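What follows is a set of notes on a single structure, which appears directly below.
The values are calculated or read from the model by the stated rules, or taken from the named source; none is laboratory data. As the structure is a computational prediction, the values presented were derived from the model and not from experiment. We place every Cβ from the backbone using ideal geometry, glycine too, and count neighbours over all the protein chains shown. Side chains included, ligands, DNA and RNA excluded: accessible areas come from the protein's heavy atoms. Shrake-Rupley method; radii C 1.70, N 1.55, O 1.52, S 1.80 Å.
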Amino acid sequence: MVEKKDVKTFRMSLTNMPLFEGMDNESIVNLLQCLGARNKTYTKDEPIVLEGSAADFVGVVVEGKLQIIKEELEGSLTLIDEVTPGEMFGEVFACASVKEMPVSVYAAEKSSVMLLDFKRLLTTCSNACPFHSKVIQNLLQIVSEKALALNKRIEIMSKRSIRDKLICYLTMEYERTRKLQFAIPFNRQQLADYLCVERSALSAEMSRMKKEGIIDYRKNEFWLL
């Protein structure tokens, strides 16, 4: 359980997190005590939650980076999403009353994660604390934004060719940043997993697009030409 003395060591970063938007430090301290929040640290590649586990929690990344992975029966892995500090995971499945997690979550690097009991999060306490009502509003906003992001992912997956998938993804990144030069949060293998294509085929297509003057790139940085 997160104690007050522990919360104070990272509460300044918590005030910037979407789940706690509009709340001051004291309200966050009281809320975490009310929710019985637990803070845990994970090493790189350590599982935070495995597919089939109970979907009765909400996780918030305090430090580090997580990867949400879908493990197929034949052993292949599909990168569903990456979760960075301030972002949440598990809330969509908990809100949908899914009994078991359909995905696994791993630490992509050393990470600190705060785990919240979903039922306690969604139910206001007997004191009807105003900060508890505020965090529920924030949670609904986050879930709505996740639904929009899922629609974008479906749009990418609906494209038939690797080139069309890549162009669709890069166009969305341009629309998000409003810059023709931007960095994406994936390395080459992760990008291939995100687009559900083979890494070698993706690299070959990127090379062709570069020669044709459509894009330029260096590692995870792209230019739209």
Would you call Y194 touching a strand residue (DSSP E or B) at 6+ places or on another chain (Cβ under 6 Å) and in a helix (DSSP H, G or I)? yes
Does K219 satisfy the criteria of being open to solvent by 80 Å² or more (accessible area, probe 1.4 Å), farther than 25 Å from M88 by Cα and either aromatic (F, W, Y) or free of Cβ contacts under 8 Å to residues at least 12 places away in the same chain (or both)? no
Among the candidates F93, F57, residue that is open to solvent by 10 Å² or more (accessible area, probe 1.4 Å), aromatic (F, W, Y) and in contact with a strand residue (DSSP E or B) (Cβ under 6 Å, 6 or more places away or on another chain): F57
So N127 clears everything in (1) farther than 21 Å from N39 by Cα; (2) modelled with pLDDT of 85 or more; (3) open to solvent by 70 Å² or more (accessible area, probe 1.4 Å) except one condition, right? Which one? (2)
I'm trying to understand the selection: among the residues of segment 84-100, which are assigned to a helix (DSSP H, G or I) and closer than 12 Å to P18 by Cβ? E91
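Every residue, every condition in (1) among the hydroxyl-bearing types (S, T, Y); (2) modelled with pLDDT under 85; (3) open to solvent by less than 40 Å² (accessible area, probe 1.4 Å); (4) under 13 Å from the mean Cα position of the chain (by Cα), yes or no:
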position: N16; (1), (2), (3), (4): no, yes, no, no
position: Q33; (1), (2), (3), (4): no, yes, no, no
position: N39; (1), (2), (3), (4): no, no, no, no
position: V62; (1), (2), (3), (4): no, no, yes, yes
Please work out if V105 is closer than 21 Å to V143 by Cβ and open to solvent by 20 Å² or more (accessible area, probe 1.4 Å). no
Checking N138 against (1) touching a Pro at 6+ places or on another chain (Cβ under 9 Å); (2) in a loop (DSSP other than H, G, I, E, B); (3) not aromatic (F, W, Y): exactly one of these is not met. Which one? (2)
Are there any pairs, at least 6 apart or on different chains, whose C-beta atoms fall under 6 Å, with the first in segment 46-58 and more than 12 Å from D117 (Cβ to Cβ) and the second at pLDDT 90 or above and small (G, A, S), and if so, which? E46/A107; L50/S104; E51/S104
